[in-house]
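S.K.: If you scroll down you'll find the structure; I have some questions about it.
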Amino acid sequence: VVYVVVFTTMNWQLFRGMLVPHGDSVMYEEHLWNVLHGKGFRSYLDQGLFLGEHIQVIHLALLPFYAIWSSHLLLEFFESLVLATGALPVFWMARRWSGSNRHATCLAMAYLLYSPLQFLDIAIDLKTFRPICFGLTAMMFALDQLERGRIKTTVALFVVALLAKEDFSLILGPLGCWIFVQSFLKKPLKEAGSEYELPEFLTSTRQAAKYGIGLVVGSVGYLLLTTRVLIPWFRDGAEVHYARYFARFG
C-alpha cells in the first residue's frame, strides 16, 4: 500500500506538472480512448494499427475502468498497483523455500525497494506508463504457480506476459532450458529448514524435459511469428521499427 501511494503520487505529480515529455505514455491512453469510441486500436503516433509496432494488447484490460474514469492518471495508478502486487508471489515463494515468514517478508520488501523495479514504474525519460509492467507481475505469479505444480494456470500467466510485449519470449525460452536441464540433474532442490519439494512434473525427467522443450519451442516460435510475420504484416511489409536502431550491426 505504501509503495502504491508513493509511486502513484509521484507519477500523478509529474503529469500535473506537465513533466511527462514523451508521447509514448499518452499513446497508450489514446489506444483506450480510440477503442472505446470505435476508432480502432491506434493513436496519432501509430502507422496504422498499433500492432505494427508491438504485439502488445494487455492494457486493453483497463477499458472497463477507463470507461468510468477516462484519465491518464488511471493508467498510472494501475501500473504502480500491478507492480506492487508482484511482492505477493515473491513472499509466497520465499516462505515456501525458507519456511520462515520473516525471511519471506524481507525478500518481498527487497522486491519493493529494488531500484530497477521502481525505475520501471517511473520509466526512462519519464515515459511514465508502460504496459510491460503487467507482464512482469504475470511472470512472478507464473513462477509461483509453476512451483505449485499448476501447469494450466502457469501457461495462462505466460500468455498474459506475452500479451504485455513480445519481449517476454526472451525470458520464457531460457526458463524452458532451465526446466529441461534441471530434469537431468537428479538433485533435490531443498533448503535447510524447509519441507518443500518441487512438484513431480519438475522432478520427473520425462515430464520436465517435455515441458521445458515445449516452452523453448513455443517461445522461439512466438518471437519469430511476431517479429517476422505479424508486426511486418501490420506495417505493410516493413521491418519492425526498432530494427533500425541497431542497423549498423548488420
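S.K.: Exactly one of these conditions fails for Ser115: (1) modelled with pLDDT of 95 or more; (2) small (Gly, Ala, Ser); (3) within 28 Å of Val6 (Cβ to Cβ). Give me its number.
M.R.: (1)
S.K.: Here's something else I'd like to know. Could you give me the residue pairs with C-beta distances under 9 Å whose first residue belongs to the range 19-44 and is touching a residue at least 40 places away in the same chain (Cβ under 8 Å) and farther than 15 Å from Pro131 by Cβ, whose second residue is open to solvent by 30 Å² or more (accessible area, probe 1.4 Å) and not in a helix (DSSP H, G or I) wherever it lies, and which are 6+ apart or on separate chains?
M.R.: From residues that are touching a residue at least 40 places away in the same chain (Cβ under 8 Å) and farther than 15 Å from Pro131 by Cβ, the pairs are Val20/Lys127; Pro21/Lys127.
S.K.: Out of (1) within 18 Å of Asp121 (Cβ to Cβ); (2) in a loop (DSSP other than H, G, I, E, B); (3) among the aromatic types (Phe, Trp, Tyr), the odd one out for Phe77 is which?
M.R.: (2)
Listed here are the residues, each with its yes/no results for (1) open to solvent by 20 Å² or more (accessible area, probe 1.4 Å); (2) modelled with pLDDT of 85 or more; (3) within 15 Å of the chain's Cα centre (by Cα).
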position: Val160; (1), (2), (3): yes, yes, yes
position: Cys177; (1), (2), (3): yes, yes, no
position: Lys187; (1), (2), (3): yes, no, no
position: Ala243; (1), (2), (3): yes, no, no
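S.K.: While we're on this one: Quick check, is Ala94 crowded, with 20+ Cβ neighbours inside 10 Å, more than 16 Å from the chain's Cα centre (by Cα), more than 20 Å from Thr9 (Cβ to Cβ) and hydrophobic (A, V, I, L, M, F, W, C)?
M.R.: Yes: the conditions hold for Ala94.
S.K.: Continuing with the same structure: Report whether or not Ala94 is part of a helix (DSSP H, G or I), among the small types (Gly, Ala, Ser), under 19 Å from Phe134 (Cα atoms) and out of contact with any Phe, Trp or Tyr (no Cβ under 6 Å at 6 or more places or on another chain).
M.R.: no
S.K.: Could I ask something else about it? Condition check: open to solvent by 30 Å² or more (accessible area, probe 1.4 Å), among the β-branched types (Val, Ile, Thr) and within 23 Å of Gly17 (Cα to Cα). Does Ile132 satisfy that?
M.R.: So Ile132 does not fit the description; no.
S.K.: Just for the range 137-166: of the residues that are among the charged types (D, E, K, R) and touching a residue at least 60 places away in the same chain (Cβ under 8 Å), which one is farthest from Leu81 (Cα to Cα)?
M.R.: Glu166
S.K.: Out of all the residues in the range 16-50, which are crowded, with 18+ Cβ neighbours inside 10 Å and at pLDDT below 90?
M.R.: Answer for the range 16-50, where residues must be crowded, with 18+ Cβ neighbours inside 10 Å and at pLDDT below 90: Val20, Ser25, Val26, Met27, Arg42, Ser43, Asp46, Phe50.
The values are calculated or read from the model by the stated rules, or taken from the named source; none is laboratory data. For clarity, every value in this text was computed on a predicted model and none was experimentally measured. Heads up, the Cβs are rebuilt from the backbone with ideal geometry, glycines too, and the neighbour counts pull from every protein chain shown. To get the accessible areas, we keep the full protein, side chains included, count just its heavy atoms, and leave off ligands, DNA and RNA. Shrake-Rupley method; radii C 1.70, N 1.55, O 1.52, S 1.80 Å.
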